[in-house]
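Some notes on the structure that comes next.
The values are calculated or read from the model by the stated rules, or taken from the named source; none is laboratory data. Only a predicted model underlies this, so the values are computations on that prediction, with no experimental measurement involved. Here the Cβ positions follow ideal geometry from the backbone for every residue, glycine too, while neighbour counts run over all protein chains shown.
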Amino acid sequence: MFRRGSLDGTITGQVHVTAYQMHYGVLRGNNFELLTSLEAGRARLEDCSVEAFGGKLELRGVLWTDSGASHHPLRAQMQLLGVELPQLFALAAPLGLDVLGPDNVRGTMRAEADIQTDLGATFLPQVARTRAFVHADLRELELLDVEALTQATGMLSPRRTGHLYFEPVQADFLLDRGLVLIPELNLSSNLTDLQVSGKYGLDGRADLYVGLSPLQTLFGNNRKRVARIRSGEATQRRSRGLIYLHLHRAAGSRYQVRLFKKKDQQQQQTELREEYERLLRQPSSRTNLWPMSELVNE
């Protein structure tokens, strides 16, 4: 039931929408369902789900409707369940993002994200006005011909570094208006253990710090370890004497790689962690639902 009114927030009621196929920008999905409660000045998304990327997306949150035709602030919690990474990263090119492509990654992801964005006149998110905290669980991860990794291990042949297999990993990221902050990401691959921190822009600019083990790179890429990782039997090896590399590039350019002292890396990581925590605590100008740290710590 609806009460009559205008679209400026004076309509109240409930909307239930289902569709076998759904198109939203570049996103394509099936079995779409939306349950929304309309209130004064906002729409409460009680339940929104769609099958996409080989898995399922679920979203709940609040969309404010009283900020004009070009601004629709949204605060939402999203779950990605069993998503196929190649299908997810296939969106990179249509969106104009300089990140991994579908040929560079394999595996599945389960993730939870707390998102704050602003939908424009076409009701699509604006990257420059989007922030999100993401906790991801990656399984059967493989990376193929990733430029940052091949340049970081430039002393080895591409045959050894071009296809890496990883043990399951959990990771936290923070997206801040087109810039991804990685406070600490620990990976165990068939080639070497990796410790990654830094920033990566969706336009391709990067400021990354990568720790790797020279001994493991010399003896690590063997068939038995690949088989153990793929079967789920592998366990993380003890890292032996990581060296640290600084990978930096501007958008559209090649990486510049240089050795980085562990002491300097620790200082950089401390500064990055402080920035990460500060952004999590930063309040919203729109709603008291922020800071994100309240959700992260629940």
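Quick notes on this one:
- Single unsatisfied condition, D98 versus (1) outside any strand (DSSP E or B); (2) among the charged types (D, E, K, R); (3) farther than 20 Å from R205 by Cα: (3)
- Candidate set: the range 40-74, residues that are in a strand (DSSP E or B), in contact with an Asp or Glu (Cβ under 8 Å, 6 or more places away or on another chain) and of a type in the set (D, E, K, R); chosen: the one farthest from A19 (Cα to Cα): R42
- Enumeration of residues in the range 207-223 that are farther than 24 Å from Q256 by Cβ and part of a strand (DSSP E or B): none
- Comparison of D114, D103 shows that the only residue that is within 29 Å of E58 (Cβ to Cβ), of a type in the set (D, E) and surrounded by 17 or more Cβ atoms within 10 Å (Cβ to Cβ) is D114.
- Scope the range 128-144; condition at pLDDT 90 or above and loosely packed, with under 15 Cβ neighbours inside 10 Å; matching residues: H135, D137, L144
- Checked against (1) part of a helix (DSSP H, G or I); (2) modelled with pLDDT under 85; (3) hydroxyl-bearing (S, T, Y), S239 passes all but a single condition, namely (1).
- Qualifying position, being under 18 Å from Q126 (Cβ atoms) and either not aliphatic (A, V, I, L, M) or not assigned by the TED database to the domain that holds V134 (or both), among G55, G41, G29, G25: G25
- One residue stands out among those in the range 77-90 that are surrounded by fewer than 17 Cβ atoms within 10 Å (Cβ to Cβ) and in contact with a Leu (Cβ under 9 Å, 6 or more places away or on another chain): the one that is nearest to V62 (Cα to Cα), which is Q77.
- Residue in the range 119-129 that is under 16 Å from the mean Cα position of the chain (by Cα), touching a residue at least 60 places away in the same chain (Cβ under 8 Å) and assigned to a strand (DSSP E or B) present: no
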